[in-house]
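A short worksheet on the structure shown next.
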Amino acid sequence: MATYKLRVNGKAVTAESWDPEQPLLYVLRNSVGVNGPKFGCGLGQCGACTVLLDGRAARSCQISVKQAAGRTITTLEGLGTVEKPDSLQAAFIAEQAAQCGYCTNGMIMGAKALLMRNPDPTAEQVQQELAGNLCRCGTYSRILTAVLRAAKA
């Protein structure tokens with residue numbers, strides 16, 4: 001068993017794994033105890049597992065624990081709290097952008113990466129950034145409105 005040092009949501013974390021190629025998603029959910037990233041497709045195509053890896057959106061189902069070692073990982077839980085949500089989280093609530101909630105993690109984390117690079121994106125830039133995130137409920141217009149609202153906040 002190997003030990004990997006990660007920095008998750010601002011805290012130093014040690015995770016153990018028998019397999020250095022184990023997806024970061026599994027380590028985050030099963031060892032670290034964060035539940036924001038979801039298992040969707042397991043192929044990096046739906047976006048449900050998105051985290052920020054060194055400030056960039058990354059599919060945690062496609063990143064191994066070995067690749068993530070020593071890097072900074074931010075999950076949905078690391079953005080805000082119930083008492084003080086991140087502006088994106090607050091905007092998603094205000095715009096009622098989540099229905100089933102399965103895509104919400106990926107949408108918020110992808111949008112956060114965009115807003116960190118470009119604090120005033122156009123609607124087209126938001127759509128392009130989130131194009132790889134799938135929403136089964138079809139709340140894309142509310143999600144777009146929420147991201148643009150957060151950008152103005």
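Nothing in this text is a laboratory measurement; each read-out follows from the coordinates by a stated rule. Since the structure is predicted, the reported quantities are computational estimates derived from the model, not experimental observations. As a convention, Cβ positions derive from the backbone with ideal geometry for all residues, glycine included, and neighbour counts pool all protein chains shown.
Structural remarks
- When only alpha carbons are used to place a centre, segment 21-58 and segment 104-153 end up 18 Å from one another.
- Reach of Lys84 by Cα under 20 Å, taken over aspartates and glutamates that are not fewer than 8 positions away in the same chain: Glu95
- Summed residue charge, Cβ within 9 Å of Glu95's Cβ, Lys/Arg positive, Asp/Glu negative: +2
- A full extension of the chain between Ala69 and Cys137 corresponds to an added length of 21.0 nm, given 0.36 nm per residue minus the alpha carbon distance.
- Fraction of alpha-carbon pairs over 19 Å apart in segment 2-78 - percent: 21 percent
- In segment 48-153, GluC sites (Glu not before Pro) in a DSSP loop with at most 13 other beta-carbon atoms within 10 Å: Glu83
- Geometric extent, Cα atoms of segment 1-147 - Rg, Dmax (angstrom): 14.9, 47
- Global form of segment 38-83, assessed from the alpha-carbon gyration tensor, a/c cut-off 1.5: oblate
- Under 5 Å between amide hydrogens, built in the peptide plane, is the criterion, and for Ser64 it picks out Leu24 among residues at least 5 positions away or on other chains.
- Applying a threshold of 22 Å to the alpha-carbon distances of Lys38/Lys152; Lys112/Lys152; Lys66/Lys112 flags Lys38/Lys152; Lys66/Lys112 as lying beyond it.
- Gyration tensor (alpha-carbon) shape descriptor, segment 72-149, a/c threshold 1.5: rounded
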